[in-house]
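Okay, so here's the structure we're looking at.
Nothing in this text is a laboratory measurement; each read-out follows from the coordinates by a stated rule. All figures in this text were calculated on a predicted structure; none of them were measured in a lab. Here Cβ is always computed from backbone atoms with ideal geometry, including for glycine, and neighbour counts include all displayed protein chains.
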Amino acid sequence: MQTAPSTISATPDVVDSLNNAPISFFHLRAAFTAGMGFFTDAYDLFIIGSALVYIKPAWHLHSHDIALLGSISLVAAFLGAFVFGRLADLIGRKRIYGLEALLMVIGALACAFAPSFIWLLAFRVVLGFGIGGDYPMSAVLMSEYANAKKRGALTSLVFGMQGLGLAFGPVVALTLEASGMPPDSIWRIMLGLGALPPLAVLYLRRTMPESPRYKALVLGHADEAARDMRAYSFGQVQSAGDKTQPRRIGLMEMLRDRRMLLLILGTGGAWFLNDYAFYGNAISTPEILKLLAPSSSTLTGSAWALITFAVFAIPGYLASIFFMDAIGHRRLQVLGFSAMAICFGAMGLLPGITHEVAPFLVLYGVSFFFIQFGPNCTTFVMPAEVFPTSVRTTGHGFAAGIGKFGAFVGTFVFPLISAAGGVKGAMLFSAGVSVLGALLTLTTLPEPSGKTLEEISGERPGASAPTWSSPQAQASAAS
């Protein structure tokens, strides 16, 4: 009777099984469950730009009121990412997965019935807090469920639902604007519809299993993790004698570690710079189009926004899903920032470009393609890879929170820069931000593509990576 080679365990342990498991229905279910949150995130954050067209005259808002209402959810998201990210490392991913979605439901419904500007601000804070919490929860759970080979694609698939949310917003705006409804009803329906997607997946979120990596590597409950994995068709999994002893890193230990601080700077800083450019441009799209064509109607502006997102942004998300792992996560982030800098620079420097709608929209659209096929996806994926398991959602929460602060800055400052320096000034500033993003990525972040989470974080350096096989194949190898 022959035995399996000593370097490959006949029955792989929890971590090796996860790293080598083929894509299954469980992975797709997890991606859908997490992705619906990001569909909602995008819709809720960006629909406010269309809603403000109707809220502004109804409530006689000034420019600073508009800037605050457009950005307040992002400030709350900044806090929500920190709080939920830390809680998920302290008490477990499963215990709070779904709570952030519930906050999004409550926040969106409350916004639809807001009686005044102050109340709408308060309800957008509740909504934003839930949105912020969704970032570390969904990213890290998907990353920890995924195998090493397709981790970038699976985590990008979650984030790619943001593209559908971006496109759905203008569709809703166009439909309501063409319906002839009263303006007060239009904006309330726009905001209230954001409650439906997270409401639809609340049950699925609460029934997802705890991350097996968290159970095995942080809690030391390898037996439970193995049982969970067998229940979700991961084959036979070894529970006893896992190769790594449980290890929990404290928050202060994390913040005193030079490598961890560099990772927070790299992931959070790049996310900040990306979100400045992305949110500043995307939420301000209706205003940008108004500056380009002052005589155009609100309906025309919504149609242009829809075309831009559908033709350029959604293909960018799809390209990230299919090619991120092949290109490399860090390399794709640098490529995207560089292409963004070129597009924004051209929009700011080419003579007469801001007076020609069609050429400007083409360049504007190409910049959106490379935002998605680049840092908008990779800044979401990489923080879920580079931190150790016991502080992974904390690290992602730091990065996402810093990123959402960048989105707040972009949303608040972009209209002010546009008012002072015109569209050209705003685009040139975005070009400079993009150059900084490429440089920061190159100098602070490792390339995680093709490596296991444990190799990247240093939890299991040099761990064997046996090829996943079915229980039948394992029995055959053992004999």
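Compactness check for the stretch 373-416: Cα Rg over 2.2 N^0.38 Å is 1.35.
Label sites at residue 248 and residue 300, each approximated as a point 7 angstrom past Cα along Cα to Cβ, lie 6.1 nm apart.
With R₀ set to 25 Å, the beta-carbon distance separating residue 185 from residue 311 gives a calculated FRET efficiency near 0.25.
Lysine pair count for the chain with Cα-Cα distance under 19 Å and sequence separation of 8 or more or different chains is 7. If R0 is taken as 35 Å, the Cβ-Cβ distance between residue 206 and residue 331 corresponds to a FRET efficiency of 0.40.
Cβ under 11 Å from residue 94's Cβ, residue 94 left aside: what net charge do those residues give with Lys, Arg +1 and Asp, Glu -1?
Details: positive: 93, 95, 205, 206, 215; negative: 210, 228.
Charge balance near residue 94 sits at +3.
Between residue 32 and residue 102, the simple label model (points 7 Å from Cα in the Cβ direction) yields a spacing of 2.4 nm. Our Cα-only numbers for the chain put the radius of gyration and Dmax at 22.8, 84 Å.
Scanning the chain for long hydrophobic helices, with DSSP H runs required to stretch 18 angstrom or more by C-alpha along their axis and to average at least 0.0 on the Kyte-Doolittle scale, returns 25-59, 63-91, 99-112, 117-145, 151-178, 196-207, 258-283, 314-327, 329-349, 357-371, 392-444. If the chain linking residue 121 and residue 91 were pulled fully straight, counting 0.36 nm for each residue of separation and taking away their Cα-Cα distance, it would gain 7.7 nm. Counting Lys and Arg as +1 and Asp and Glu as -1 over every other residue whose Cβ lies under 13 Å from the Cβ of residue 131, the net charge comes to -3. Note on residue 56 and residue 413: their simple-model spin labels are 2.2 nm apart, each label 7 Å out from Cα toward Cβ.
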